[in-house]
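Here the structure comes first, spelled out in structure tokens, and everything after it is commentary.
The values are calculated or read from the model by the stated rules, or taken from the named source; none is laboratory data. Since the model is a prediction, treat every value here as computed from it, not as a measurement. Cβ atoms come from the backbone with ideal geometry, glycine included; neighbour counts cover every protein chain shown.
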Amino acid sequence: MLYLLCGLLGGAVLTAICTPLFRKERTLESAIIEETQWDLLQRKKEVILGNIQDLEFEYKCGKLSEADYQKIRAEMNAEAAQIFQEVENLESSADLDALIRREISERKHRSSSKAQKSCPSCGTKNPTTNKFCADCGAKLKP
């Protein structure tokens, strides 16, 4: 009985500690940290270039036959070319300042289009996740 009580108490404490770590915030500040399409393409580019280096190493070590090496290398080159083309299209579609402005406006629109609560004291709009007004500090209705 004592072990069961200790186990339940330990599980409750662990849940209370870990819950904030896995909760996804929907604020503008947390949206700034999110990955953009350009970041995703850069990460893909790094992965494919690393894979090509690994392929070269394995071929030089004699782990791959010439035919296998040529076939895999051609597939990886095609994939790398596609990623490079996507990066080029994204960067040339507009200058990077325009890309940043467009990304910021999209994120602001996403955050402003979400439901908001009005403060009963001062009338300021607050995100639904706030429990207190960001302007005057008054308690918001749930």
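What to note about this one:
- Residues in region 13-41 that are surrounded by 10 or more Cβ atoms within 10 Å (Cβ to Cβ), under 13 Å from the mean Cα position of the chain (by Cα) and either part of a helix (DSSP H, G or I) or modelled with pLDDT of 90 or more (or both): 8 in all.
- Taken as a whole, the structure leaves Gly10 outside the set of residues that are modelled with pLDDT of 90 or more, closer than 17 Å to Ile83 by Cα and of a type in the set (Gly, Ala, Ser).
- Region 111-121, residues that are exposed (fewer than 13 other Cβ atoms within 10 Å of the Cβ) and modelled with pLDDT of 80 or more: Pro120
- Members of region 63-110 that are surrounded by 12 or more Cβ atoms within 10 Å (Cβ to Cβ), modelled with pLDDT of 75 or more and of a type in the set (Gly, Ala, Ser): Ala80
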